[in-house]
């Protein structure tokens with residue numbers, strides 16, 4: 001190696017000097033011819049030795065250049081920005097650069113002669129097998145994205161490009177870490193979903209605000225004549241004998257008028273649902289809210305011949321809630337249950353309220369048509385609905401979920417086609433830390 005660093009030998013000049021010496025004749029010393037021939041042979045050997053030394057110098061110089069090039073190639077290979085793997089046809093790792101070992105956090109010795117598939121997450125192994133097969137069959141560059149098992153850390157999401165070598169016996173694969181890109185994509189999807197929820201909530205808020213103004217106006221207009229009717233009925237009852245056949249009719253008028261006044265009162269209560277940002281949390285028993293909603297829907301329940309049974313545990317505690325928001329949840333769930341019974345022969349709804357751990361569980365079960373498994377996963381998506389056009393906006397369950405989450409609770413659904421559906425809404429007895437943060441996700 002030391003000679004390779006000296007000044008390069010001028011090979012052409014050495015050859016010329018050797019030929020000149022070969023042409024020189026030995027001095028006439030009167031020695032026998034045999035001795036002269038021996039001297040000539042010795043002279044030729046010296047020339048050959050010079051040529052061999054020259055060739056050795058050239059070889060050493062070429063070796064030094066090759067070693068320098070190999071060092072540069074090794075540096076480029078090992079410290080490339082992506083991991084390089086050489087794979088056999090069955091996926092065995094034949095070679096890997098240092099970047100590849102660093103990406104995976106696994107030493108080179110532990111990677112060599114093992115199948116690349118052991119690095120691939122179990123869910124993605126079939127996709128990798130199909131990818132490798134396609135690479136060798138197509139003999140063209142192929143790409144895929146997989147989750148790899150990074151030692152001691154979360155999965156490494158990788159973009160892989162592979163191409164078969166010229167002899168077709170192995171392939172070279174470049175592996176790039178796209179974990180950050182995948183995380184950014186997930187954040188973008190989450191932000192987009194949040195934006196959709198916010199848009200749905202704003203749309204529902206505007207709708208509820210408009211309905212609220214209308215209902216409030218109608219309710220106030222009805223209040224005066226209803227109160228007059230009630231007073232007239234009471235006046236007539238006061239001046240009518242109990243044995244008079246009109247007395248029972250007047251009692252019915254009083255009873256139905258009071259029922260109308262209660263309905264108007266409930267309408268006024270629900271008309272303020274859109275102003276929940278000003279509404280404070282109150283300690284209320286959900287059974288009270290449930291009773292109010294059932295009364296509001298009593299006409300529809302009776303008209304459609306629905307049998308409603310309810311069980312409220314006596315030990316059910318009061319929970320902190322935004323009353324109007326929880327009213328909307330119960331109203332949405334109960335209305336959906338009634339909608340599910342329209343085409344059902346068996347029209348039953350069962351409501352259950354009881355303590356559950358550190359909260360209260362409200363369950364509403366119906367004997368309706370049920371929800372198919374492929375639809376069940378989308379029921380909370382904004383604007384998703386299976387109802388005919390004009391029958392639903394697809395916002396109800398999305399808003400129910402937002403409201404329950406804002407209270408620190410959870411809402412779940414169990415359903416089977418033709419066997420009915422049950423919704424469970426869990427609300428904690430103590431407001432959780434996450435609830436305050438989640439309250440910004442809806443405007444009630």
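At-a-glance table
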item: Residues satisfying the stated conditions in region 74-98, i.e. at pLDDT below 85 and under 19 Å from residue 171 (Cβ atoms); result: 77, 80
item: Residue in region 341-351 that is part of a strand (DSSP E or B) and surrounded by fewer than 19 Cβ atoms within 10 Å (Cβ to Cβ) present; result: yes
item: Conditions (1) surrounded by 11 or more Cβ atoms within 10 Å (Cβ to Cβ); (2) at pLDDT 80 or above; (3) in a helix (DSSP H, G or I): number failed by residue 240; result: (3)
item: Single condition residue 101 does not satisfy, out of (1) closer than 17 Å to residue 172 by Cα; (2) part of a helix (DSSP H, G or I); (3) at pLDDT 90 or above; result: (3)
item: The one condition in (1) in the same structural domain as residue 323 (by TED's automatic domain parsing); (2) at pLDDT 70 or above that residue 261 fails to fulfil; result: (1)
item: Single unsatisfied condition, residue 138 versus (1) in contact (Cβ under 8 Å) with a residue 12 or more places away in the chain; (2) over 16 Å from residue 174 (Cβ atoms); (3) in contact with a strand residue (DSSP E or B) (Cβ under 9 Å, 6 or more places away or on another chain); result: (1)
item: One residue from 392, 408 being in the same structural domain as residue 333 (by TED's automatic domain parsing), within 19 Å of residue 327 (Cα to Cα), assigned to a loop (DSSP other than H, G, I, E, B) and at pLDDT 85 or above; result: 408
item: Residue in region 115-128 that is over 21 Å from residue 81 (Cα atoms), touching a residue at least 40 places away in the same chain (Cβ under 8 Å), exposed (fewer than 13 other Cβ atoms within 10 Å of the Cβ) and under 25 Å from the mean Cα position of the chain (by Cα) present; result: no
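Here's the yes/no breakdown for (1) more than 30 Å from residue 119 (Cα to Cα); (2) part of a helix (DSSP H, G or I); (3) modelled with pLDDT under 80:
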{"residue": "29", "(1), (2), (3)": "yes, no, yes"}
{"residue": "35", "(1), (2), (3)": "yes, yes, yes"}
{"residue": "45", "(1), (2), (3)": "yes, yes, no"}
{"residue": "48", "(1), (2), (3)": "yes, yes, no"}
{"residue": "56", "(1), (2), (3)": "yes, yes, no"}
{"residue": "60", "(1), (2), (3)": "yes, yes, no"}
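The values are calculated or read from the model by the stated rules, or taken from the named source; none is laboratory data. Quantities reported herein were computed from a predicted structural model and do not represent experimental measurements. Virtual Cβ from ideal backbone geometry, glycine too; neighbours counted across all protein chains shown.
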